[in-house]
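As structure tokens, the structure follows; a few thoughts come after it.
Coordinate-derived values only; no laboratory data. The structure presented is a predicted model; accordingly, all values stated were derived computationally and were not measured. Counting neighbours? That spans all protein chains shown, and the Cβs are built from the backbone with ideal geometry, glycine included.
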Amino acid sequence: MVVTKGRSYVIPVALVRRSWEFLRDRGVHRQEGMLLWAGRTDESGGAMISKLVIPGQTAVRTALGVCVAMNDDAKLSLRSQLAPGERYFIRVHSHPARAFHSATDDANLVISHDGALSIVVPHFAKYAKDDLSSVVAFEYSTRVGWTELSAEDLARRFVVR
């Protein structure tokens, strides 16, 4: 028996497509975008993603590059956007070129529980695919920080339908 490390996720394709549309819209203006995917755990310990939350955010452009920031009010409002039993599992954001986890991404602990995921979508989601094959993902651990998931692990743990 093969044991898959980490939680599995089922995500509606319509939610993925709405996410990519938002990130592409931001990218037209050469701005990163950030959103969160929330849902509930199922009886197997997996998660059913059912909600897309786009928090208040400010695009930042410096000589070093671009990023997105949330003010304290936007962070505080996140909890009020969840129904009882829902939780945030995944932060999704775009990059202007290749997908990687920058030092800014590492420090941005919008969600920071063990097992939280950060998905980075390259090229402002211009070429993003619904099956998530064009993204990279990182999993958070309070012991070691962010660790990149392999492409195989990403494909095994995420079902988009």
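Trypsin sites (Lys or Arg not before Pro), restricted to region 88-139: which are DSSP loop and have at most 16 other Cβ atoms within 10 Å? Before the final figure, lay out the partial values.
Numbers: sites: R91, R98, K126, K129; in loops: R98, K126, K129.
Loop-located and lightly packed - R98, K126, K129.
I'm spelling it out carefully: the read-out is volume of the Cα convex hull per residue in Å³, the candidates are (1) 293; (2) 116; (3) 139, and one was derived from this structure. Which label?
Calculated volume of the Cα convex hull per residue in Å³: the matching label is (2).
Report the residue, chosen from L23, L76, L109, that carries the largest GNM mean-square fluctuation when the chain is represented by alpha-carbon nodes joined by springs under 10 Å.
Its mean-square fluctuation being the largest, the pick is L76.
So how tilted is helix 13-28 from the main axis of the chain? Cα-based, degrees 0 to 90, rounded to 10.
The helix 13-28 is inclined about 20 degrees to the chain.
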